[in-house]
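See structure below.
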Amino acid sequence: IVFAHGSRVESANESVRQVAAGLARAGGYPLVEAAFLELGHPSLAEAAELMVTQGALRILILPYFLTLGTHMERDLPRLVDSISMKNSGLRISIAPPLDGHPGLIEILRDRAEAFLQH
């Protein structure tokens, strides 16, 4: 599950859905869903339930958050606990936020170079 905050701007939510779809197309993962903390649909609980109904026994949550903040430290663990209580036997793992991944430096460098070339 690609898990994002969610936005009142629907195109921002759709961008997250497109990232999840791209991950699914990249292969290796039979089920991929986008989910939102708030202001987007589906919620994390809804996305997890959808995956369980499709046979998922393990769910990996990939936070689409840059840094470890309140939502990652407090809100996400509460949501995962609630999902786990409703689905005994389901294994749920949470990957770290994007901060610290070496690919971020490359992305920022690419954006800077593209901007400065104009």
Ellipsoid semi-axes in whole angstrom, largest first, where each is sqrt(5λ) of the Cα gyration tensor of the chain = 27, 16, 14
Solvent exposure of the chain as accessible area per residue, Å², 1.4 Å probe | 66 Å²
Diffusion coefficient in µm²/s returned for region 1-48 by Stokes-Einstein, Kirkwood Rh over C-alpha pairs, 37 °C and 0.692 mPa s, is 312 µm²/s
Test item: Cα-centred dipole of region 52-105, Lys/Arg +1 and Asp/Glu -1 on Cβ, debye | 240 debye
Förster radius 30 Å - calculated FRET efficiency between Arg25 and Leu57 (Cβ-Cβ, nearest 0.05) | 0.85
Of Leu108, Leu60, Leu90, which has the largest mean-square fluctuation in a 10 Å C-alpha GNM of the chain?
-> Leu108
For the chain, give the percent of accessible area contributed by carbon and sulfur heavy atoms, probe 1.4 Å, rounded to a whole number.
-> 58 percent
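The values are calculated or read from the model by the stated rules, or taken from the named source; none is laboratory data. Just so we're clear, the structure is a prediction, and the values are computed from it rather than from any experiment. Because the Cβ atoms are built from the backbone with ideal geometry, glycine has one as well, and the counts that use them run over all protein chains shown. The accessibility values were calculated without ligands, DNA or RNA, using every heavy atom of the protein model including side chains. Shrake-Rupley method; radii C 1.70, N 1.55, O 1.52, S 1.80 Å.
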